[in-house]
Amino acid sequence: MCRNITTLRGLEPSATDEEIEAGARQYVRKITGVQKTSAATEEAFERAVAIIADATRVVLADLPPRKVPPKTVPPLRRESVKARIAAANG
């Protein structure tokens with residue numbers, strides 16, 4: 001279902017709050033079909049993102065360390081993504 005969500009467990013350094021929130025946001029977008037929030041959807045959407053992010057932090061803290069790091073690097077650690085974000089923020 002969410003093929004684009006990157007594995008965060010086992011990253012070195014550990015997943016940041018920004019990476020966890022980005023994954024939660026992508027998950028909530030996927031399951032709700034809401035790509036851009038409106039006044040009618042924003043509160044519920046943001047509440048869901050916060051709940052999923054909190055649950056993600058808990059499960060990452062509770063699981064044992066991975067023996068092998070994830071195969072892919074989270075988007076927020078990729079230079080091309082960093083450059084695109086910097087350009088958008090101007």
Looking at the stretch 54-90, which of the residues that are within 16 Å of the chain's Cα centre (by Cα) and among the hydroxyl-bearing types (Ser, Thr, Tyr) is surrounded by the most Cβ atoms within 10 Å (Cβ to Cβ)?
Thr56
I need every pair where a residue in the stretch 54-80 that is over 15 Å from Pro13 (Cα atoms) has its Cβ under 6 Å from the Cβ of a residue that is β-branched (Val, Ile, Thr), sequence separation at least 6 or different chains.
Thr56/Ile20
Hey, any hits in the stretch 33-49 for a residue that's part of a helix (DSSP H, G or I), within 21 Å of Arg78 (Cα to Cα) and hydrophobic (A, V, I, L, M, F, W, C)?
no
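Since every read-out is calculated from the coordinates, none of them should be taken as a lab result. Note that the structure is predicted; figures quoted are calculated from it, not measured. As a convention, Cβ positions derive from the backbone with ideal geometry for all residues, glycine included, and neighbour counts pool all protein chains shown.
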